[in-house]
Amino acid sequence: MRHIGFAISANCSLMGLAAAPAFEVANIALGQPVYALHFLSESGGAVLTSAGAKIQTVRFDDRTLDTLIVCGGLFVEPSTPAFIDLLQNAAARYRRVASICIGAFPLAEAGVLNGRCATTHWLYAEELRTRFPKVTVEMDRIFVQDGPVWSSAGMTAGIDLAVALVEADLGVELARSVAKKLVMYHRRVGGQSQFSALLELEPKSDRIQTVLTYAKRNLRKTLSVEELAKVANLSPRQFSRLFRTETGRSPAKAIEGLRAEEARIMIEGGEHSIDEVAKHTGFRDRDRMRRAFRRAFGQPPQFLKTKARLNP
């Protein structure tokens, strides 16, 4: 039995606890209790979350845990000295230590992240880097593993972290099963960017949103302006004008961004060759994809493939 402890402090976000079902679903998938969950706090009892709900906890003591996960809140707040004391020897006491979102800050305060790579919510990544210069902050990673210490970006990235922990324990096939049961769109790898090309476009109308959804699902197709205009039920000229007004980009540039993002996800997954990725995402050949990657990420696909292999 692996005992997973969630360290909770006042005003923590309920999203941090959204990682817990990954371990519950793993138990269901295996048909036996592999994981036991514990919700811990400095003093025990009911802890008020940022949403106003109370989470019943037990006192954070010397109990035996396999993994300790430190949950963050919506804002960076000073941790109590007692809470920091509880975390200081965590890396030595437990097989694994992890943080979700700005839970990285108390771990950094306790010195657990010194000399290690870590990540946090993109909104607070620069603050983490500035306040704790002994920590190498990976500002654009979904989650990071550095030895026995793991950390994730904000909000839903904690679920990706939990699935990755399950994979490390029980294998990739079970992790895929867990992700499927959690209705995750896809199982994101740690090196994936915290940013989404689709979100950055921010269309204002359902008409353009429908076009982008269609494009995302059909990246292997040519996706000409004429084809996209038909999806929008507009003339090509009307469509191009409306698309640029709502997104600030031409249809061609937006589609290139969607293709580059999908290609990056596939490359970081490590299961496909560069040529296969180019074909699958509609670039047709590696040279077109290489030029698009340099524009989008400042690096060629091969560099990101190598980086993903070194930082699984």
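Among the chymotrypsin sites (Phe, Trp or Tyr not before Pro) in the stretch 62-109, those placed in a DSSP loop whose Cβ has at most 15 other Cβ atoms within 10 Å are Phe75. Does the stretch 86-164 come out rounded, prolate or oblate by the C-alpha gyration tensor, with a ≥ b ≥ c the root eigenvalues, rounded set by a/c under 1.5 and, if not, prolate when a/b is larger than b/c and oblate if not? Oblate. Here the stretch 2-181 carries DSSP beta bridges of which approximately 30% are antiparallel, counting only pairs with both residues inside. Taking packing as the residue-averaged number of other Cβ atoms within 10 angstrom, the listed peptides 15-23, 155-163 run from highest to lowest as 155-163, 15-23.
The tail of the calculated P(r) for the stretch 1-142, taken as Cα-Cα distances beyond 21 Å, holds 41 percent of the pairs. Among Phe297, Phe105, a tally of other beta-carbon atoms within 10 Å of each Cβ gives an order, fewest to most, of Phe297, Phe105. Highest mean packing comes first when the peptides 51-64, 169-182 are listed by Cβ atoms within 10 Å, giving 169-182, 51-64. Result for the chain in a Gaussian network model with C-alpha springs under 10 Å: among Gly269, Gly147, Gly103, the largest mean-square fluctuation is at Gly147. Per the Debye calculation on the stretch 197-310 with a single equal scatterer at every Cα and no solvent contribution, log₁₀ I(q)/I(0) for q = 0.19 Å⁻¹ amounts to -0.93.
In the elastic network of the chain, a GNM with C-alpha springs shorter than 10 Å, the most mobile of Arg288, Arg259, Arg217 is Arg217. The chain gives an Rg/Rh value of 1.02, both radii derived from C-alpha positions and Rh following Kirkwood. Across the chain, Cα pairs under 8 Å and at least six residues apart give a relative contact order of 13 percent. Bridges between two residues of the chain, per DSSP, are antiparallel at a rate of about 30%. Stretched out fully, how many nm does the piece from His3 to Asp62 gain, at 0.36 nm a residue minus the Cα gap? Contour length minus Cα-Cα distance gives 19.9 nm.
Peptide packing for 133-146, 35-48 was compared via the average number of neighbouring C-beta atoms within 10 Å per residue; ordered from the highest value, the list is 133-146, 35-48. Under a 5 Å amide H cut-off, with hydrogens placed 1.01 Å from N, Phe39 pairs with Phe6, Val58 among residues at least 5 apart or on other chains.
None of the figures in this text is laboratory data; all of them are computed from the coordinates on show. Predicted model, so just to flag it, every value in this text is computed and none were measured. Glycine gets a Cβ as well: all are built from the backbone with ideal geometry, and neighbour counts include every protein chain shown.
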